[in-house]
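Take a look at the structure set out below.
Every number in this text was worked out from the coordinates using simple rules, so none of it is lab data. All values derive from a computational prediction rather than experimental measurement. So basically every Cβ, Gly included, is an ideal-geometry build from the backbone, and we count neighbours across all protein chains shown.
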Amino acid sequence: MSEGNIAADQLRLFIERIERMEQEKKGIVDDIRDVYSEAKSQGYDTKVIRQIVRLRKMETHDRQEMESILDIYKAALGLA
């Protein structure tokens, strides 16, 4: 087998793996959407749930810093 065939085979395998993962990712995205729909049907505010999920991903220090700055901005605008 020549180098061109080996490289082509390897490239094809990489592409096929990526395609499979993209399909799996789509399935996961659909599952997440279904959970949000279920939460909404139970009366929960999905915008707030999404915000909570984002906050939980953050490091504690980063979250506290962001909340502190948000409080300062809100106070400056008379929203606090």
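A few notes on this one:
- Residues satisfying the stated conditions in region 32-46, i.e. surrounded by 10 or more Cβ atoms within 10 Å (Cβ to Cβ) and without any contact (Cβ under 8 Å) to a residue 12 or more places away in the chain: I32, R33, D34, V35, S37, E38, A39, K40, Y44, D45, T46
- The residues in region 52-66 that are closer than 24 Å to Y36 by Cβ, in a helix (DSSP H, G or I) and either in contact (Cβ under 8 Å) with a residue 60 or more places away in the chain or not β-branched (V, I, T) (or both) can be counted, and the count is 6.
- Unique residue being touching a helix residue (DSSP H, G or I) at 6+ places or on another chain (Cβ under 7 Å) and assigned to a helix (DSSP H, G or I) when the list is I49, I72, I32: I49
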